[in-house]
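Only one structure is covered here, and it is reproduced in the block below.
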Amino acid sequence: MKELSKSYNPKEHEDRIYDMWESTNSFSPDSLESDKKFSISMPPPNVTGTLHLGHAAMLAIEDLMIRYRRMQGDKTLWVPGTDHAAIATQAKVEKILLEEGTNRHKLGREKFLKRINDFAQESHDTIVNQLKKMGSSCDWSREAFTLDETRTKAVRSVFKLMYDDGLIIRGDRVVNWCPKCHSTLSDDEVEYKAQRAPFYTFKYDKDFPIAVSSTRPETKLGDTAVAVNPKDSRYKELIGKEYNVDFCGQKLKLKIIGDRHVDMDFGTGALGVTPAHSMVDWKMAEENNLDVVKLINEDGNVHEGFGEFSGMTAKEARKRVVEILKEKELIEKEEEIDNNLSICYRCDTPIEPLPSLQWFIDVNKKLDKFKGKTIKEVANQVVREGFLGDKSKKINIYPERFEKNYFNWMENLGDWCISRQILYGHQVPVWYKEDEIYVGLEGPKEKGWTQDTDTLDTWFSSGLWTFSTLAQKPEDIKIENGRVVVDTDDFRNFHPTSVMETGYDILFFWVARMIIMTTYAIEDIPFHDIYLHGLVLDEKGKKMSKSKGNVIDPLVMKEKYGADATRLSLVIGSAPGADMKLSEEKVAGFRNFSNKLWNISRFILSSYEKSGDGTFVAETEADKWILSKTEKLVLEVTEDLDKYNFSKAGEKLREFSWDVLADWYLEIAKFEKSDNKANILYYVLEKILKLWHPYIPFVTEVIWGEMDSDKSLINESWPDEKSDKHETSNQFDLIIETVKAIRNARSVNKVEPAKKIKAIIYAGKNTELLKSQEVLIKSLRTGIDSVEIKESGEEIKNEIFTSVGNLKIYLIGAIDMEKEKERISKEIINLEKQISIISGKLSNKNFVERAPEELVKKEKERLKGFESELKAFKKQLEN
RNA sequence: GGACGCAUAGCUCAGUUGGCUAGAGCACUUCGUUUACACCGAAGGGGUCCAAGGUUCGAGUCCUUGUGCGUCCACCA
């Protein structure tokens, strides 16, 4: 017999339990031997901040999968790690410096980098500690960082391989430039903000034949052409002509060109071409050999050489240009239009497209090693049918609908700009000496070589995550026969990883890039399945943000309600890929459940003792019933978990634990106490603790520790429904129906508690069954004092009457005639409604002929049942 | 402009290939402290399944159209 506290207090146990798991190496796959392997690479949290609900959801789901597979006996590995998050981390440190009244230039390169590294280290320690708080059973001995030595080796190896294959190229192109971050951004890092903007239609000068329209007239200072649609009759004849114009005091040379992409109906149908500051215009300039005039510099200001405009910000220049145009009366129209402002996804600063010498990954280069396919095509095919058509190497996305998004993105993918002008990150592994260039894993030994000062887009290194994390040291990563090889047992055991579980918001940023980079570098898929979870929103469905003040901190939830409740609230009640709304009440609800489970266990452990070797037989109907329910539960939960139906399985577990076990079987057990019963209770408890463990590892492990077990629950094996067969039966369902009917009738009649009530049940062919359960029927909070069960008898007038199928139940001793009449009338109305529906169905020839036979039979039986009930109720009402 | 998703009880959502009286949690009403649990127990109320058509013996479920909301991608200068 055990003494347990009245309610479960997570704080008393969680840290202790986690330490126990860790100190017993329970997270390591090394001692597990199995042909079945299971592995997940944890999406590495950024070392910029603290754990948020998105992380918590990720951890809850991944830990659930990992613990489930581990208990299934698979050799299971979950590799944890963190991401250096280049721009984000540097920006954060710069902000801190600003608050301290200094900046990176004052500090100098070395000191600045040290500051970032120190910050990253501190941030890392915080977040790792928080990952542990949520109960994550990942193998910390294999922890990785996107910027550590081993991952650096992977990055440089892949870079070199790509460079040698001609996939990485250096080019002067128009890129997305953030004047605040002072760096390039990839196309995916550009966000759009809808706005209303003034839209000016004007002529460059009064002699120029065509008016153009723009929301950014200041950029027209950099125009070298005007493009019109070659089919446009208004301008057709002007194509090919050149003009010298005086635009706001600046001399421009403009050529009229024809381009079929120009929309004749938009604005004036003519477009001022600004090659240096627009992607589209850049392409037109290339095709038409136009001059490129650089107008805006990297600070977002106008370059020297533009007279009064030089040094102005773009905004100032715009204002001035409009002023001048107005003075000269060149503006034909000024209107407000809807348009999209490009902004930096990190700092919301408007993007300035400008030409710059950068490194790119050419996604459209046909590769010999892929039989002429491009890396983009390979990445596409791997989700459609498998790696180079190999069906065993196909990646499945759950939920499936995201596959369409993936294909759409992949097909529209342009070259990926990978160089960034920030200090924190993987420095581009390219060295220069005068005109020479060297690309390699290490720089040349001789003097005079200097390394490229740019760093790589953070997604370059995280794109290698699944395989780079399976290397333990830099030497494990090699280039052999034109591919990257990871020479470790971990790689051989665990790659491709089983599942990539992450939020759908980084499907493109990260998941798609992992597929591209991995299929290219190691010529295999990074993972078999992709499971995408949704975003965690506040209870109103809005994104959580500090400025809105609607942030729910998972660690605060953990403190208040426990890690288990927090995890459950993120797993149950949300569909894969769907956003989930979370409120504190929901977490509190699951705290209530963990306490319920605690008390279920407390009752069993303190009132019953396991006897002998724990074997038992199904003695009573209730025993057979609970064993049947348990067997079904194990089967269904296992099946659901295999299909990633975490929410559904969790709901089934909750229903079983609370509604079946606690509300019925435990109540029954109070009246049927025996050694055999005790053993059944222990048996069922063990099953549900195991089934619950992946969801709520702490409370289940604590309870498990109170049972006589030689292993901790984390190391136990998953219930195997096939190995233990017991006699099962669902006959007890009828008893439950009966008890409920009695309770209902009694409750509605509000019988005074003092009155003695006798129940008389005419049970027909169920007489024997009912008789065997007489004691229970009386005891299970039915409020009756005695019960008499007969096969049949006369109806009893002026007493409470109810029925269950063919069972007729009379409660003798007290009746409120008004209430009873009301209740019976209601029953009759309901029954009549049902009968008319079913008889309508059955009189329909088509239904009888075409519907499955079973269904028709079932409906006939139902009709018979309802009719006999109706008859009984009607008679009772007459009396 | 292209695509996707959602619309079911007051709220948050389940509802698998069409087939029991459309379910759960929270909230609500009434009753109840019977030695696991008030973070509890019992009983109950509450839904024209967004609208209109269509397919079918049968539609919350499939098809078409529409409305409202949300998301992603592209982007017009």
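Tabulated data
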{"item": "Search result, residues across segment A:667-686 that are within 17 Å of A:Ser594 (Cα to Cα) and either open to solvent by 10 Å² or more (accessible area, probe 1.4 Å) or more than 15 Å from RNA strand B (Cβ to nearest atom) (or both)", "result": "A:Glu686"}
{"item": "Total residues in segment A:591-621, condition away from RNA strand B (no atom under 16 Å from the Cβ) and in a helix (DSSP H, G or I)", "result": "1"}
{"item": "Residue among A:Val302, A:Val322 that is buried (at least 18 other Cβ atoms within 10 Å of the Cβ), within 16 Å of RNA strand B (Cβ to nearest atom) and within 14 Å of A:Leu221 (Cβ to Cβ)", "result": "A:Val322"}
{"item": "Selected residue [open to solvent by less than 30 Å² (accessible area, probe 1.4 Å) and near RNA strand B (Cβ under 9 Å from one of its atoms)] from A:Ala588, A:Ala578", "result": "A:Ala588"}
{"item": "Some residue of segment A:432-449 being modelled with pLDDT of 95 or more, assigned to a helix (DSSP H, G or I) and open to solvent by less than 10 Å² (accessible area, probe 1.4 Å)", "result": "no"}
{"item": "Members of segment A:837-862 found to be small (Gly, Ala, Ser) and open to solvent by less than 80 Å² (accessible area, probe 1.4 Å), listed by number", "result": "A:Ser839, A:Gly840, A:Ala851"}
{"item": "Yes/no for A:His124 being within 30 Å of A:Ala565 (Cβ to Cβ), out of contact with any helix residue (DSSP H, G or I) (no Cβ under 6 Å at 6 or more places or on another chain) and open to solvent by 10 Å² or more (accessible area, probe 1.4 Å)", "result": "yes"}
{"item": "Filtered residues of segment A:834-853 (kept if near RNA strand B (Cβ under 9 Å from one of its atoms) and either farther than 17 Å from A:Ala872 by Cβ or in contact (Cβ under 8 Å) with a residue 60 or more places away in the chain (or both))", "result": "A:Ile837, A:Ile838, A:Lys841, A:Asn844, A:Lys845, A:Asn846, A:Phe847, A:Val848, A:Glu849, A:Arg850, A:Ala851, A:Pro852"}
{"item": "Among (1) farther than 29 Å from A:Ala578 by Cβ; (2) touching a Leu at 6+ places or on another chain (Cβ under 8 Å); (3) more than 16 Å from RNA strand B (Cβ to nearest atom), the one test that A:Tyr438 misses", "result": "(2)"}
{"item": "Criterion (open to solvent by less than 20 Å² (accessible area, probe 1.4 Å) and acidic (Asp, Glu)) met by exactly one of A:Glu218, A:Glu191, A:Glu149", "result": "A:Glu218"}
{"item": "Residue list for segment A:705-739, filter: surrounded by 21 or more Cβ atoms within 10 Å (Cβ to Cβ) and within 19 Å of A:Tyr18 (Cα to Cα)", "result": "A:Leu713, A:Ile714"}
{"item": "Hits in segment A:786-829 - residues which are more than 19 Å from A:Arg743 (Cα to Cα) and either within 16 Å of RNA strand B (Cβ to nearest atom) or assigned to a strand (DSSP E or B) (or both)", "result": "A:Lys790, A:Ile829"}
{"item": "Conditions (1) within 13 Å of RNA strand B (Cβ to nearest atom); (2) touching a residue at least 12 places away in the same chain (Cβ under 8 Å); (3) not polar (S, T, N, Q); number of the one not met by A:Ala563", "result": "(1)"}
{"item": "Flag if A:Ser547 is at pLDDT below 90, open to solvent by 40 Å² or more (accessible area, probe 1.4 Å) and hydroxyl-bearing (Ser, Thr, Tyr)", "result": "yes"}
{"item": "Residue in segment A:628-635 that is part of a helix (DSSP H, G or I), polar (S, T, N, Q) and either within 13 Å of RNA strand B (Cβ to nearest atom) or open to solvent by less than 60 Å² (accessible area, probe 1.4 Å) (or both) present", "result": "yes"}
{"item": "Residue in segment A:70-93 that is open to solvent by 30 Å² or more (accessible area, probe 1.4 Å), out of contact with any helix residue (DSSP H, G or I) (no Cβ under 7 Å at 6 or more places or on another chain) and modelled with pLDDT of 95 or more present", "result": "yes"}
{"item": "Residue list for segment A:127-181, restricted to those being assigned to a helix (DSSP H, G or I), of a type outside the set (A, V, I, L, M, F, W, C) and over 25 Å from the mean Cα position of the chain (by Cα)", "result": "A:Ser141, A:Glu149, A:Thr150, A:Arg151, A:Thr152, A:Lys153, A:Arg156, A:Ser157, A:Lys160, A:Tyr163, A:Asp164"}
{"item": "Residue check for A:Lys328: open to solvent by 90 Å² or more (accessible area, probe 1.4 Å), more than 16 Å from RNA strand B (Cβ to nearest atom) and modelled with pLDDT under 95", "result": "yes"}
{"item": "Residue in segment A:265-280 that is nearest to RNA strand B (Cβ to nearest atom), counting only those that are assigned to a helix (DSSP H, G or I) and in contact (Cβ under 8 Å) with a residue 40 or more places away in the chain", "result": "A:Met279"}
{"item": "Qualifying residue in segment A:638-654 (condition: farther than 18 Å from A:Arg67 by Cβ, buried (at least 16 other Cβ atoms within 10 Å of the Cβ) and either within 12 Å of RNA strand B (Cβ to nearest atom) or in contact (Cβ under 8 Å) with a residue 24 or more places away in the chain (or both))", "result": "no"}
{"item": "Criterion (within 30 Å of A:Thr638 (Cβ to Cβ), open to solvent by 20 Å² or more (accessible area, probe 1.4 Å), touching a residue at least 12 places away in the same chain (Cβ under 8 Å) and among the charged types (D, E, K, R)) met by exactly one of A:Glu3, A:Glu14, A:Glu33, A:Glu62", "result": "A:Glu33"}
{"item": "Only one of A:Gly101, A:Gly49 that is under 22 Å from A:Lys133 (Cα atoms) and either in contact with an Asp or Glu (Cβ under 6 Å, 6 or more places away or on another chain) or in a loop (DSSP other than H, G, I, E, B) (or both)", "result": "A:Gly49"}
{"item": "Some residue of segment A:396-419 being farther than 30 Å from A:Leu221 by Cα, basic (Lys, Arg) and touching a residue at least 24 places away in the same chain (Cβ under 8 Å)", "result": "yes"}
{"item": "Number of the exception - A:Arg384 against (1) open to solvent by 60 Å² or more (accessible area, probe 1.4 Å); (2) in contact with a helix residue (DSSP H, G or I) (Cβ under 7 Å, 6 or more places away or on another chain); (3) within 16 Å of RNA strand B (Cβ to nearest atom)", "result": "(2)"}
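For (1) at pLDDT 90 or above; (2) part of a loop (DSSP other than H, G, I, E, B); (3) more than 9 Å from RNA strand B (Cβ to nearest atom), each residue gets a yes or a no:
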| residue | (1), (2), (3) |
| --- | --- |
| A:Glu191 | no, no, no |
| A:Ala197 | no, no, no |
| A:Val212 | yes, no, no |
| A:Glu218 | yes, no, yes |
| A:Leu221 | yes, no, yes |
| A:Lys231 | no, yes, yes |
| A:Arg234 | no, yes, yes |
| A:Asp246 | yes, no, yes |
| A:Asp263 | no, yes, no |
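The values are calculated or read from the model by the stated rules, or taken from the named source; none is laboratory data. This one's a predicted model, so the numbers in the text were calculated from it and none came from an experiment. As a convention, Cβ positions derive from the backbone with ideal geometry for all residues, glycine included, and neighbour counts pool all protein chains shown. In case anyone asks, the SASA skips ligands and DNA or RNA and just uses the protein heavy atoms, side chains included. Shrake-Rupley method; radii C 1.70, N 1.55, O 1.52, S 1.80 Å.
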